[in-house]
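Data first, discussion second: the structure below is written as structure tokens.
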Amino acid sequence: MSPNWEWKQFCGQNESFQMWNGYSFGQCFVQVAFVAPTHAIFMILSAYYFAVLSLRYTNVIENSSASPCKIWTCFIRYALCVLFIITWIVKLCFMISLKSNFPYNGLVFLAVCVIALLTWMLHCMMTWKLKRNPFYGSRGPLLIFLAYVLLLLSCAMQVYSIVDVHLRKPSALNVVEIITCLQGGLHILFLFSLIPNGKVLQQGEFSIQNGRIERNRLLSDSGIRGYGAVSRPSNDLGVAEDTANCLSKLSFWWVQPLMLKGTKGQLSYSSDLFLLPKRLGTDSIEYKFNCNFRELEEVEDFTADFENCVPDVNFSDISNNVPCNNVRMHNSRKNRGEVTLLKALHKTFGTEYYLLGILKLMSDAIGFAGPLLLNLLVSFMENQTEPMYNGYIYAGSLFISTFIGALLSTQFNYHVQVVGLKLRAAIITTIYRKSLQVNTVSMSGFTTGEVVNFMSTDTDRIVNFCPSFHQFWSLPFQIAVSLFLLHQQVGLAFLAGLGFALLLIPINRWLAIKIGKLSTAMMAQKDGRVKVMNEILAGIRVIKLYAWEDHFAEKIKTLRNAELKSLKGRKYLDAMCVYFWATTPVLIAILTFTTYSLMGHQLTAAKVFTSLALFTMLISPLNAFPWVLNGLMEAWVSVKRVQAFMQLKELNLDGYYTKHSGHERDAMQILQGNFSWGSDEKESTADREPQQDSIQKHSKTLRLTDINISILKGQLVGIVGKVGCGKSSLLNAILAEMHRDGGSIAVASLSHGFGLVSQEAWIQHATMKDNILFGKPFNARKYASVIAACALEEDLKILPAGDCTEIGENGVTLSGGQKARVALARAVYQDKDFYLLDDPLAAVDAHVASHLFFKCILGLLRNKTRLLCTHHTKYLQHADIVIVMEEGRVVNIGHPVDILDQLDLELVQEEVQDKESAGDQSSSVCSTVDGALVQEEEKDTGIVKFHVYQAYWKAVGHCLAPLILISLFLMQGSRNINDWWLSYWISHSHPNVTVDNSSQPPGHSEVQGYSYTTVPSTVNDSVLRYAEDNVSYYLTVYGILAGANSLFTLARAFLFAYGGICAAMTIHKKLLSSILQASVSFFDVTPIGRVVNRFSSDVYCIDDSLPFMMNILLAQFYGVLGTVAITCYGLPWFMVLLVPLTIIYYFIQSYYRQTSREIKRITSVTLSPIYAHFSESITGLTTIRALRECARFKKENEVRLEENQQAQFAGIVAGQWLQIRLQMLGVVMVTGVAFIAVLEHHFQTVDPGLVGLAISYALSITNLLSGVVTAFTETEKQMVSVERGMQYIEDVPSEKQEGILDPPPYWPIQGSLCFEQVYLQYRPGLPYALNGVTFETQPAEKIGIVGRTGSGKSSLFLAMFRMVEISQGQITIDGIGIKHVSLKILRSNLAVIPQDPFLFSGSVRENLDPTQSCSTSELWTVLKRCHVDKAVEKMGGLEAEVEEKGRLFSVGQRQLLCLARALLTRAKILCIDEATASVDAETDRMVQETIRDEFSDNTVLTIAHRINTVLNSDRVMVMNNGKIGEFESPKALLENPHSLFYGLVHGNQTSRGGENAF
């Protein structure tokens, strides 16, 4: 048999594929070797630079002016491009119409025409874009010029060949030859158009680059709070790709400095990485995407940007330095259809992304060269008469095809991932921007956990769309080509295997649909779990005080079990997909070869192993296609989820406020105002169902009706009323946080914003100074006056680092009074015209309240307009107007003289006592000597430690893990033996027994691209019978091996799925237990975002990503071992090549892994600040908007995202650096195997069957090699999540849970409390918070506790509840030492009413009685006694849903619910930490009566809040510097005018201790 190419079809009737015909190059050869490649290169570069010119600096290009010379030069080139297009179209038409009798009628000429036509079309488009681009001359990019020079040379060679032929054999030129010569003339003109170039604008000359420099400065600015992220202000790598040339970009050599730093262990911070290239700048991406999104928005009654409606209002300014030019134009248009996130992404990134399809198409096409060249090479082995040089040509072609394929696939993967990074930046910044623009009503439809998931998991799924979409069209193309080539190999027998594969398509589709549904359900369940986890972490102190850890652990367990149920279903369905994916090639092969043999055909090595290679290429897309669909479906689900959030209606100041047209002295005017917590959106789309649910809940809350208020500039307006009457709602209505149902509201100086001090002080995780400045420039004189006016001077003296002391998340390290005063100082420093003060005096004692009122509210703010909500009615006599509210209405308004006379005079006399309950923690619990609180997040270095893998092994199970490895070994071994048996079959069957293919002429068999002839032989019946028996024998063994492989594969798939689930369950359980049992000090120094990151991103990796990657790793590792074993068995000389390649492979992967794991750690650590900053922003949205600081917070979000994007980008380029090198290793291995086979054939020492087997395996070695390292690195990256989880499981300090003593069943019985020489120290090296405290209470005694900030009041409670273990001494309750009692028993037998009310998501019943131990009547009784029953009834009763943080209740109502919760405990000892601080005086009086009645037989310790409470106590304890200063009855202390208590009650500043008494 001798293969013969069918050149007539390929080159044309009068042509053959001759490189040199004696005097010139052959025309067919010129087309294949020169014309087609040069046009293809020119086309790819034109497409690339068209995308670059389209996507970079669009706003610059549109507004820039080019020189007339450049415009005319580009116009000439554009015209020449059009002429080229016309000539190629004419040439193509002639070829098609005259194909039958035309000399140039081969496929190659048609293909070149099509390629050239596309080339000049793309270059025409690029030239048009080049015209106004200031960064390139008229010549364009250098690579374009060099590529055109190559194209010009190929055209010259083509013209030379035509001219030379006609000179040697004179004849008339045909149309195609004439057009070719004409094109040569056009090329000369085109070359002349490239001579002028003109001035090129340097990148540094443009403002966007200046913006980049500013952003890079921000990245290194230590002033940006890092939330403990790893970042440092130095960078020596510069901007990525900045100096890289073409070769460097192709080989990723420019990444080498990064890899070198990683190898040296110098990658610790995000600043050690490359700066992002200009095209990946977060601010520029956000700007462009935002402009496109706004252009697409529906605009009828709403203008797109707040600047457009209120020119100077800055809190919604999400634009960059350059405004969107087109927003105003589009705002005037009619409804342009519903805007979607997908449309905006398409408009912004579509062109760049879709053009990458050209690279994908070329990569896929060249991938089929491997099987075809394998066919030629094995046929060459089988044919002893074929010339030797053909073998070397085939081997060389194999090298070229694999080399080009490696370059194309690497570049495609890199650029797709870059587009994914752009999508990620656009989505995250857009979500953050949207959250800043949506008011409280709309935002209530989504929990913080959901929105965090939008920024994490949903964004990742949308980014996954990038590779999935190109796979969506690429896989059918691969399938079609594979089927065609299979038909060429085995004829109709391929239908047997195809039929089986087609049967799997509906099965895989069903699996994909089910997996998609389970993924959607799992995401919703994950949202719920993260939401509850957020609530647990926010209220962890209260949970510990009430000993509710078990309840919330059970709640998380229930949610986790639902999530795991979905995960199990998904993983087991994944296992089925893995099973089909692994066994389908074997089953298709046996069906195809069996059918082919039974049809009477002879199997040859060329057919078998070419078919096997094609089966692999066919099965991969067949199995991957359902997953691609699943990825697209998941992306679509996430797009809809994010879209639902993006469709929330934004704040419309122009529509909310009426234009201020009153007297210039008017500060605010509300006429017939009706406000609600509902929504004005009438539609109820499916995407907004969560929002509608929330709206219905809000509809049951308070509404403001018939509000008529007129306030003049500079007035002080007091607002009073009972709890829940609508005071805070009125302030929210002024801020536009509510919906205006009717009436009008006008505010002067709206653009300046408001000075807001909310009832629940919002404090940032920053230094005290940063909190006060809040982005404003530091003015020493102004700052000092604000500190003095807000009574913070004494606090700064006791803080470790003064105003540079870092404050914990949500202000956990400050007392309530300190938080209130810092919030007030922040508002005052902003110097606004209008101040909204929501009861700031309730959080401080009488003297401080007086100081704040006279020095701040009537002092620094005397010329400002002030609205003050307060229960301190004595200060209202200084107000200009007093407003009395009741049930959402203004029931009285007028001068204080008229209004105060109508109020209860007894209430006027009541004052607030000390509120600074947690003050002692501010300087002791959390701060270090230098004031730093939160340290950089833990980040191990070096390789992932062995104990981490060991921990995961244990989590999987000691028995299960080895079984998984054994099943993998058996699966791979049976697969390799199966393929070896095919080789054995071919080598030992009877090649002379041949039956002709009925579909072809006798003696003729055709393979794609060549034919060979067989010599018929005469056979007798006995030989045929022997052949049939022979085939039956081989088929039987082949079937048995295939069945064994199927069973082992099934076992491996399900064992692995089960093992992954077991590990996920175990690690999450341990992690949750560790966090719930952690000491309070851990939460003081650890931001919530950091812990949430463990329970969201890290748990998701452990649940899903890690098992997936580990499965791939082990399968590919065993695959590499099998491949090497088979290749060495077939070609023993390959081992000579294998040794050096193995050494190189080892060093490359080691070099890469050292870098990649550090990048992964930096990536993980830089994620936490994004979440922490976002969560903090969500909590303080009202304050941020009121103070008009949205633009600054948006910039901070961009800076944090940029740091994380740096790490993400570094991971991408490091991965591609590895990929290209491993691809080159694979190229060397494939080329080496091919040349070794040819050499062994030369010496006739090779078996064609084994050669075919070896080369078919070697063809897959490239993917396997890169796959093993990539999978191992990805597994190691995912193992970082286990490592981070284990840090919290093993290293978090835990409370001592168990006790050695079981107290009596009803302990404590008497309620006697005794402190004996108690010393408490929060941390070694810090002063004692309790210094030798000794006292004893009598049963049922009522103790009032007073003292200044840091005196040790709250430390008494912390010691009693063992929140902090005492250093020395003993605390006993009824004679039993509490250190010997388990924490659960101790805390559950004590009752506490904390200062900060804590409510969690769930029903009112669940919030009151989580353990379900009380009856409904008992619950209603206690609610009535706490005077909150009406509010609960209005909400819908005990089963009414309490939203996140109880936001549907006022702060006072939340405190009353917490009081009701304490009353239900019936504990013998009650600790009250200012339970009624935010309620009015009348309600407080009734509540105090309830406490006295309900706890008459109980011991009550109260950190005093009102004078009457202290005066009614049996004894008063005055704390001073951690010691008991006084401990007597109130009567005795008041009789002593020098006592601390006397000075406190009578306000005597000259009494002993002076103002330090409090």
Rounded to the nearest 0.05, what FRET efficiency do T1036 and H1242 give with R0 = 45 Å and r taken as the Cβ-Cβ distance? Could you check?
0.75
For I1345, what residues show an amide H to amide H distance below 5 Å, using hydrogens built from the backbone and excluding near sequence neighbours?
T1502, I1503, A1504, M1517
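Going through the range 1166-1260, which chymotrypsin sites (Phe, Trp or Tyr not before Pro) have at most 13 other Cβ atoms within 10 Å and a DSSP loop state?
Numbers: sites: Y1171, F1174, F1193, F1209, W1217, F1235, F1243, Y1257; in loops: F1243.
In loop regions of the range 1166-1260 (DSSP not H, G, I, E or B), the sparsely surrounded chymotrypsin sites (Phe, Trp or Tyr not before Pro) are F1243.
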Among the lysines, which have Cα under 27 Å from the Cα of K264 when same-chain residues fewer than 8 positions away are ignored?
K249, K939, K945, K1160, K1277
Want the number for W981 to K797: 0.36 nm per residue separation, take away the alpha-carbon distance, what's left?
57.8 nm
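When the convex hull of the Cα atoms of the range 1137-1294 is projected onto a plane and the area is averaged over all directions, what value comes out in nm²? If you can, show how the numbers build up before the last one.
Numbers: hull surface 55.8 nm².
Answer in nm², one decimal: 14.0.
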Accessible area of the range 335-483 with a 1.4 Å probe: how many percent of it is carbon plus sulfur?
67
Semi-axes of the range 1037-1121 from the Cα gyration tensor (sqrt of 5 times each eigenvalue, largest first, whole Å) come to 41, 13, 8
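If you average 1/r across every pair of different Cα atoms in the range 462-596 and take the reciprocal, what Kirkwood value do you get, in Å?
Numbers: mean 1/r = 0.0532 Å⁻¹.
Taking every pair of different Cα atoms in the range 462-596, averaging 1/r and inverting gives 18.8 Å.
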Step through the residues of the range 176-192 one at a time and calculate ³J(HN,Hα) from phi using the Karplus curve (6.51 cos²θ - 1.76 cosθ + 1.60, θ = phi - 60°), rounding each to whole Hz and writing x for Gly and Pro.
5, 5, 5, 5, 4, 5, 4, 5, x, x, 4, 5, 5, 4, 4, 5, 5
Potential lengthening between F75 and C246 on full extension [0.36 nm per residue; Cα-Cα distance subtracted]
58.8 nm
Under 5 Å, built H, 5+ apart or other chain: amide partners of E886
V891
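Determine the gain in length on full extension of the stretch R1466-I513; use 0.36 nm per residue of separation and subtract their C-alpha separation, reporting nm with one decimal. Write out the running numbers ahead of the final one.
Values: separation 953, 0.36 × 953 = 343.08 nm, distance 5.35 nm.
Here the answer is 337.7 nm.
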Two-site label geometry, L182 and L598: point separation in nm, points 7 Å out along Cα→Cβ
6.0
Pull up the cross-link candidates among the lysines for K360, meaning alpha carbon to alpha carbon under 17 Å and not fewer than 8 places away within one chain.
none
Binning at 10 Å from 0, report for the range 788-831 what percent of all alpha-carbon pair distances ends up in each bin.
26, 62, 11
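Does the range 1329-1419 come out rounded, prolate or oblate by the C-alpha gyration tensor, with a ≥ b ≥ c the root eigenvalues, rounded set by a/c under 1.5 and, if not, prolate when a/b is larger than b/c and oblate if not? Can you show the working numbers first?
On the way: a/c = 2.06, a/b = 1.69, b/c = 1.22.
The shape class here is prolate.
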Distance in Å, no decimals, from the C-alpha centre of the range 467-520 to the one of the range 699-770 is 62
Across the range 1317-1329, in residue order, what do the Karplus-derived ³J(HN,Hα) couplings come to in whole Hz, using 6.51 cos²θ - 1.76 cosθ + 1.60 with θ = phi - 60° and x for Gly and Pro?
6, 8, 10, 10, 10, 6, 7, x, x, 8, x, 6, 6
From the backbone phi of the range 457-474, what are the Karplus-calculated ³J(HN,Hα) couplings (6.51 cos²θ - 1.76 cosθ + 1.60, θ = phi - 60°) in whole Hz, Gly and Pro given as x?
5, 5, 4, 4, 5, 5, 4, 5, 4, 4, x, 5, 5, 5, 5, 4, 9, 6
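Using r as the Cβ-Cβ distance of L191 and L965, and R0 as 60 Å, what FRET efficiency do you calculate, to the nearest 0.05?
On the way: r = 64 Å, r/R0 = 1.07.
The value I calculate is 0.40.
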By the gyration tensor of its Cα atoms, with a ≥ b ≥ c the square roots of the eigenvalues, what is the shape of the range 815-904: rounded for a/c under 1.5, prolate for a/b over b/c, or oblate?
prolate
For the range 763-853, go through all pairs of different Cα atoms, get the mean of 1/r, take its inverse, and jot down that Kirkwood value in Å.
13.2
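Considering only protein heavy atoms, what per residue accessible area in square angstrom results for the range 738-887 with a 1.4 angstrom probe? Each step should come with its number before you reach the end.
Working: 4570 Å² over 150 residues.
Each residue of the range 738-887 exposes 30 Å² on average to a 1.4 Å probe.
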Once amide H atoms are placed 1.01 Å from N in the peptide plane, what residues at a sequence separation of 5 or more from Q266, or on another chain, have their amide H within under 5 Å of its amide H?
none
For D164 and K557, FRET efficiency with R0 = 60 Å and r from the beta-carbon atoms, rounded to 0.05?
0.10
Would you please classify the overall shape of the range 433-488 from the alpha carbon gyration tensor, given that a ≥ b ≥ c denote the square roots of the eigenvalues, rounded means a/c under 1.5, and beyond that prolate means a/b larger than b/c while oblate covers the rest?
prolate
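Can you work out the accessible area per residue across the range 542-626, with the rest of the protein chains kept in place, probe 1.4 Å, in square angstrom?
Details: 2560 Å² over 85 residues.
Value returned for the range 542-626: 30 Å² of accessible area per residue.
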Quickly work out the E887-to-Y1129 label distance, labels modelled 7 Å from Cα along the C-beta direction, and quote it in nm with one decimal.
8.9
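The values are calculated or read from the model by the stated rules, or taken from the named source; none is laboratory data. None of the values given here were measured: they were computed from a predicted structure. Cβ atoms come from the backbone with ideal geometry, glycine included; neighbour counts cover every protein chain shown. Surface accessibility is based on the protein's heavy atoms, side chains included, excluding ligands, DNA and RNA. Shrake-Rupley method; radii C 1.70, N 1.55, O 1.52, S 1.80 Å.
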